[in-house]
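K.L.:
Shown below is the structure under consideration.
No value in this document is a laboratory result; all are computed from the given coordinates. It should be emphasised that the depicted structure is a prediction, and the values quoted were computed from it without experimental measurement. Note that we place each Cβ from the backbone using ideal geometry, even for glycine, and neighbour counts take in every protein chain shown.
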Amino acid sequence: MILSMTGYGKSEVQWEDKNIRIEIRSLNSKTADINLRIPSHLRELESELRKKVTLRLLRGKIDVNIYIEYNGENAPTLINRGVVSSYMKQLKGIGDATEGERMAMALRLPDTLNTPREELNEAEKKVVLETLDQTLEALIGFRKDEGEVLEQDFLHRIDLLEQLLLKINILDPERKEKVKAKIANSLADLSLEVDSNRFEQELIYYFEKLDITEEQVRIQNHLTYFQEVLKNEFPNGKKLGFITQEIGREINTIGSKANHSELQKCVVQMKDELEKVKEQLLNVL
C-alpha cells in the first residue's frame, strides 16, 4: 500500500461562541517542511501541533492553517470609547462634518480598538487538538485515494517493463547469431586461414563480454521486488526509488552491450517507462 504526499483536509467545529476551522494542505518534499499559521493565543501549542502533524504525515511540504472566528458577543476586540470620544471632540473643532462622518473618521485613527491578550484554557486546547486530529484523518484519507491511483499506474508500468524484458529475452539468441555471423564474414573477407579452435575460444570470450543474462535476471528480480514493496505498509516511497535506480543501472548495462538495433529499441522504451515511474515516485510517501 502506498500513500501520496499530496493531500487536503478540512475540519470545522463550533465551540462556545467561537468557530474553529483547520485546513491542511500537503505536497511532495524530501522532509517534513511544516508551515504553521495560527492565532497568537495558540502559540504555546505550536510545538505540540508540529509534533502531532509530523508524526501523522511523516514528510511533505505541509501548510497548516487554524482560523478562529467569534460569532457571539464576547469578541476580544473592543472599541476604546474614551479615545474615540476625544477624537470626535477634536474633529468637531476642525471643520464642518456630521456626527456620523466624524465617527467614521475617528474610528480610522490610531488606538481606537483595544485587543486584550487572550488566554488559552484547557477546554479550548482540547477542542483544537481534537479538530486537528480530524483534519489529519481527512488528509490521510485523501492521500490513500491518491495512492491507489498511483499504485495502478505503477503496476501498469511494471507490466510494460516485463513485456519489454520478455521481448529482449526472445531477441537475445538472434542477436548472438548475428554477431557470430558478422565476425565470420569479416574473417572470410580477409582471406586468412583461421584456427577453428582458437576462433571458438575467442568467440566464447567475446560473447561473455556481450552476455546480458545476469542483467535480465536482475531486472526481473527488481521488478518482482518493486511489486512486493508496493504492498508493504507506508512509508515506502524512498525504497521504491532505490529499486528503480537499480533497474535503471541494469537497463543501461544491457544498452551498452546490445549491439543489436531491435534490442536497443527495447532498451529505449524501457528507459522511457522507467522515467515515468521515477517521476510519479517523487509524490509517494
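K.L.:
Would you mind counting up the charge near ILE140? Only other residues with Cβ under 14 Å from its Cβ, with Lys and Arg at +1 and Asp and Glu at -1.
P.N.:
+1
K.L.:
Here's something else I'd like to know. Quick one: length gained pulling LEU27 to TYR225 fully straight, 0.36 nm per residue minus the C-alpha distance?
P.N.:
68.6 nm
K.L.:
A further question on this structure: Computed FRET efficiency, Cβ-Cβ of LEU109 and ARG50, R0 30 Å: what is it to the nearest 0.05? Write down the numbers at each step before the final one.
P.N.:
Values: r = 39 Å, r/R0 = 1.30.
My answer for the efficiency is 0.15.
K.L.:
If you don't mind, another one. Can you give the extra length, in nm with one decimal, that the chain gains between LYS276 and ASP17 once fully stretched, where that is 0.36 nm per residue apart less the Cα-Cα distance?
P.N.:
Extra length from LYS276 to ASP17 when fully extended: 88.1 nm.
K.L.:
Give me the net charge for the shell around THR31: Cβ to Cβ below 10 angstrom, other residues only, Lys and Arg +1, Asp and Glu -1.
P.N.:
+2
K.L.:
What is the gain in length, in nm to one decimal, between LYS89 and ASP211 on full extension, counting 0.36 nm per residue of separation less the C-alpha to C-alpha distance? Intermediate values should be presented prior to the final figure.
P.N.:
Numbers: separation 122, 0.36 × 122 = 43.92 nm, distance 9.77 nm.
Between LYS89 and ASP211, full extension yields an extra 34.2 nm.
K.L.:
Taking H placed 1.01 Å from N in the peptide plane, check which residues at least 5 places from LYS61 or on another chain put their amide H under 5 Å from its amide H.
P.N.:
Amide H neighbours of LYS61: LEU27, ASN28, SER29, ASP33.
K.L.:
Next question, about the same structure. Which loop-located GluC sites (Glu not before Pro) does the range 9-47 contain, where loop means any DSSP state but H, G, I, E or B and the Cβ has at most 13 other Cβ atoms within 10 Å?
P.N.:
Working: sites: GLU12, GLU16, GLU23, GLU44, GLU46; in loops: GLU16.
For GluC sites (Glu not before Pro) across the range 9-47 that sit outside H, G, I, E and B with at most 13 neighbouring Cβ atoms in 10 Å, the list reads GLU16.
K.L.:
State, to one decimal in nm, how far the label point of ALA97 lies from the label point of PHE234, with both points 7 Å from Cα in the Cβ direction.
P.N.:
Label at ALA97, label at PHE234, 5.7 nm between them.
K.L.:
Can you flag which of LYS18/LYS52; LYS18/LYS89; LYS176/LYS238; LYS30/LYS265; LYS209/LYS265 are past 32 Å Cα-Cα?
P.N.:
Where the Cα-Cα span goes over 32 Å, the pairs concerned are LYS18/LYS89; LYS176/LYS238; LYS30/LYS265.
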